[in-house]
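I have placed the structure first, in the form of structure tokens, so that the comments after it can refer back to it.
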Ligand code: PHE
């Protein structure tokens, strides 16, 4: 027999014996296995030893060495099995139930709308009940819509490039002239009136951009709600009623609102709108009667129609409602903050 075959046979014997001893579940089974492999007369290890006689003398050292290793392994396995059985019956650990359908499930953490988005939805809802539909605008505007049609002449300080985010757009790519991120939602007044004849009763909510340094009450990007109502007979009393009804709905019934004389190029007269908050009057935006120049700029007849417009800060409304004291919280994307809404 070739040397390799003999060595393989010895290895197989070891494997079989170890497996048999490990599988022995009681003393009787262990004894049966012992007789089979280690039996003094007709055990298989004995038979293998007898085979040694027929091995060629040149192979004998290698075979002898392997035989001894196999013998040691088999005896050790027998010994271990005996000790295992002596230690007592193997404790049967019942298998864990894999799935208990009676337990409540693991809740999936669901995302939610950003507080500003939630506020916007609610403002649309309230104003919708007052008959205002929602108009969409653009965040990138030309100077006509952000300034000129709003009666803001070229030399007006609000047009200072340092007070606006002008975009570097190639002249050929901007047929409407220089483009900028809109600094107010009043641009939408123009876009709406350009696109349809009066009467108009819309709000528009969206982002505006100003190069302000961020602090507790300022951020270079924030949201406004613009309102515009144009009809044949509209007065400041209507404006104040709408703003008061709106504030009462959003902030609660006991909100006091105040108009302070002010100036905006696109309204005449103009007012600042203040709401009472924490024993203080807080400015929430501006408003006024639409300036006849604006009506003219969009092709409306100022002799036929009048209107009012207002612009309120969405962040301020949301902060007032929830007692948030720092506008920067909205834009940190800290889930611990956002989860509260
Ligand atoms: N656009 C003004 C602002 O951003 C607010 C405003 C809107 C004032 C409409 C009057 C009329 O401050």
In region 252-297, what residues are under 27 Å from residue 145 (Cβ atoms), away from the ligand (no atom under 13 Å from the Cβ) and surrounded by fewer than 18 Cβ atoms within 10 Å (Cβ to Cβ)?
-> 292, 293, 296
Do we have residue 151 as within 12 Å of the ligand (Cβ to nearest atom) and within 35 Å of the chain's Cα centre (by Cα) here?
-> no
For residue 157, are the conditions met, namely being at negative phi and surrounded by 16 or more Cβ atoms within 10 Å (Cβ to Cβ)?
-> no
What are the pairs, 6+ residues apart or on separate chains, where a residue within region 41-54 that is over 23 Å from residue 2 (Cβ atoms) has its Cβ under 6 Å from a residue that is part of a helix (DSSP H, G or I) and at pLDDT below 85?
-> none
Scan the strands (runs of 3 or more DSSP E) fully inside region 259-335 and keep the ones with 3 or more residues being over 19 Å from residue 247 (Cα atoms).
-> 267-277
Considering only residues that are touching a strand residue (DSSP E or B) at 6+ places or on another chain (Cβ under 8 Å) and without any contact (Cβ under 8 Å) to a residue 60 or more places away in the chain, look in region 127-162 and name the one that is nearest to residue 246 (Cα to Cα).
-> 128
Condition check for residue 101: more than 40 Å from the chain's Cα centre (by Cα) and exposed (fewer than 14 other Cβ atoms within 10 Å of the Cβ) | no
With criteria (1) exposed (fewer than 11 other Cβ atoms within 10 Å of the Cβ); (2) part of a helix (DSSP H, G or I); (3) in contact with a strand residue (DSSP E or B) (Cβ under 8 Å, 6 or more places away or on another chain), residue 116 comes up short on (1)
Determine if region 99-110 includes at least one residue that is touching a helix residue (DSSP H, G or I) at 6+ places or on another chain (Cβ under 6 Å) and either touching a residue at least 12 places away in the same chain (Cβ under 8 Å) or closer than 30 Å to residue 206 by Cβ (or both).
-> no
Of the residues 39, 53, 43, which is surrounded by fewer than 16 Cβ atoms within 10 Å (Cβ to Cβ) and either within 29 Å of residue 87 (Cβ to Cβ) or in contact with a helix residue (DSSP H, G or I) (Cβ under 8 Å, 6 or more places away or on another chain) (or both)?
-> 39
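The values are calculated or read from the model by the stated rules, or taken from the named source; none is laboratory data. This is a predicted model, so every value here is computed, not measured. For neighbour counting, all protein chains shown are included, and Cβ atoms are generated from backbone atoms with ideal geometry for every residue, glycine included.
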